[in-house]
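What follows is a short report on a single structure.
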Amino acid sequence: MLDFKQEDVVILAIESSCDETSAAVVKNGRNVLSNIISSQIDIHKRYGGVVPEIASRKHIEAIDYVVYDALESAGVSLNDISAVAVTYGPGLVGALLVGLSYAKAVAFASEKPLIGVHHIEGHICANYIENKNWEPPFICLVVSGGHTHLVYVKNYYEYEILGKTRDDAAGEALDKVARAINLPYPGGPKIDKLAKEGNPNAIDFPRVLLEEGSFDFSFSGLKSAVLNYLNKAKMMGNEIFDADVAASFQQSIVDVLVMKTIAACKKMKVDKVAMAGGVSANSCLRKFMKEACEKEGVTLNMVSPVFCTDNAAMIGSAAYFEYIAENFDGWDLNAYPSLKLGESRRKQFE
């Protein structure tokens, strides 16, 4: 068991895995003293998606100011910090290296411990920020542009992946279909907004559940079904109602996510569900997950949109549990762009 310390643990956390440069100061894993985010959306939307090289350069430009603002907003100095935490994977390698290099420099100069944090664990730990009383065990649905995972959170340091995407992540599929109906980047929020004007039952898109008992996901077939529908309609000269396409497509994704999450609860005999990642801010997913959990007598925890997308506060929360386990890193810690959940170097506990 983890020995939760009585004295305050104040973490300076840095997140730069994709296109947000963020720094935060988090106390005891649950109290956010500051959370500064510098977004690159306006830059990347002209290209229809994140350009890795541009993202790296923008991180370099922003990180000094973001860290300074985080410390100033929290009213603390480096002398007050217990440790420096940073995302070391997964993500864009160039982007990760900017944050990692900066964190190493700050930790070395201030003689503070360095803690590398798995990005997905950070998303999961965002639930501890939103709900101060939230504790494992629980099932967590992690849905973002690059990840779709169903995770059994056994305790604060042990995770079991029950299922993951075999191809496109949910957010990736949303972005690709958004592009097909001429919605700007980022596509997920635009689909969510447009879908409110459409009929989710207008088009019968497939719900891919895979083999019986599987908790894995597959959205590439659904994406292809939408593209085929659009191409066929154009060839035949049929009118296309973009709002109906968006609503029907979104409903298909949501139905699969909700069904598998509830099924995972039943299999693992867990009555608590949390959601994490950018797509967990989707209003349709929130609505139907809430309804399903209420029907099954399952407690649902949903975080605020600011903690759904990439941010350093969630990294600071995850780092707290590393800190109390005295699980620190050396200066040889590297960036791992394809790091899988469960491959982080957490200590094993009995």
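Computed from the coordinates by the stated procedures, all read-outs in this text should not be read as laboratory data. Being a predicted model, the structure only gives us computed values, none of them experimental. Because the Cβ atoms are built from the backbone with ideal geometry, glycine has one as well, and the counts that use them run over all protein chains shown.
For Ala83, what residues show an amide H to amide H distance below 5 Å, using hydrogens built from the backbone and excluding near sequence neighbours?
So Ala83 has HN proximity to Val10, Leu12.
Can you give the Kirkwood hydrodynamic radius of the range 137-303 from its Cα pairs, in Å with one decimal?
Computed over the range 137-303, the radius equals 16.1 Å.
Just want the answer: with Cβ charges of +1 for Lys and Arg and -1 for Asp and Glu, which residue in His123, Phe321, Asn35 is farthest toward the dipole's positive end in the chain?
His123
Net charge around Leu92, counting only other residues with Cβ within less than 11 Å of its Cβ (Lys, Arg = +1; Asp, Glu = -1)?
-2
Please list, in order along the range 114-123, the HN-Hα scalar couplings obtained from phi with the Karplus expression 6.51 cos²θ - 1.76 cosθ + 1.60 (θ = phi - 60°), rounded to whole Hz, x for Gly and Pro.
Rounded to whole hertz, the list is 9, 10, x, 10, 6, 4, 5, 4, x, 4.
Roughly how many whole Å is it from the C-alpha centroid of the range 3-49 to that of the range 51-108?
9
If you count, for each residue, the other Cβ atoms within 10 Å and average over each peptide, how do 124-135, 67-78, 144-155, 17-28 line up from highest to lowest?
Averaged packing, sorted descending, gives the order 17-28, 144-155, 124-135, 67-78.
For a Förster distance of 35 Å, can you work out the FRET efficiency between the beta-carbons of Ser101 and Ser220, rounded to the nearest 0.05?
Result of the calculation: an efficiency of 0.50.
How high is the relative contact order of the range 137-303, in percent, counting Cα pairs under 8 Å that sit 6 or more residues apart?
Relative CO of the range 137-303 lands at 28 percent.
Starting from the amide H of Ala274, placed 1.01 Å from N in the peptide plane, find each other amide H under 5 Å away whose residue is 5 or more places distant or on another chain.
Excluding prolines and chain starts, which carry no amide H, the hits are Ile139, Cys140, Leu141, Asn301.
Can you compute 3J(HN,Hα) from phi for each residue in the range 128-135, using the Karplus curve 6.51 cos²θ - 1.76 cosθ + 1.60 with θ = phi - 60°, rounded to whole Hz and x for Gly and Pro?
Each residue's phi maps through the Karplus curve to give 6, 6, 5, 10, 4, 9, 6, 9 Hz.
With +1 on each Lys and Arg Cβ and -1 on each Asp and Glu Cβ, and nothing else charged, work out how big the dipole of the range 137-303 is about its Cα centre, in Debye to the nearest 20.
About 180 debye.
222 nm [θ] for the chain, helices only, -39500 (n - 2.57) per DSSP H run of 4+, per residue, to 500?
Calculated from helices alone, the mean residue ellipticity at 222 nm is -14000 deg cm²/dmol.
If I fit a long axis through the Cα atoms of helix 93-110 and take the longest principal axis of the Cα atoms of the chain, what angle between them do I get, 0 to 90°, rounded to 10?
20
Hey, how many Å between the Cα centroid of the range 245-280 and the Cα centroid of the range 155-180?
Cα centres, the range 245-280 to the range 155-180: 11 Å.
Might you report the magnitude of the Cβ-based charge dipole of the range 71-216 about its Cα centre, with Lys and Arg at +1 and Asp and Glu at -1, to the nearest 20 debye?
Roughly 340 debye for the range 71-216.
Cβ neighbours within 10 Å, averaged per peptide: list 161-169, 39-47, 188-196 in order, most packed at the top.
188-196, 161-169, 39-47
What does the net charge come to around Leu162 if you take all other residues with beta carbon closer than 11 Å to its beta carbon, with K and R at +1 and D and E at -1?
Summing Lys/Arg as +1 and Asp/Glu as -1 gives +1.
Where Lys and Arg each count +1 and Asp and Glu each count -1, what net charge lies around Thr309 among other residues with Cβ under 11 Å from its Cβ?
Here the count lands on -4.
Applying the Karplus parametrisation 6.51 cos²θ - 1.76 cosθ + 1.60 with θ = phi - 60° to the phi angles of the range 315-322, what ³J(HN,Hα) value in whole Hz is obtained for each residue in order, glycine and proline being reported as x?
Each residue's phi maps through the Karplus curve to give 5, x, 5, 4, 5, 4, 6, 5 Hz.
Amide H neighbours of Arg166 under 5 Å, at least 5 residues apart or on other chains, H built in the peptide plane: list them.
Under 5 Å from the amide H of Arg166 lie the amide H atoms of Phe217, Ser218, Phe219, each far enough along the sequence or on another chain.
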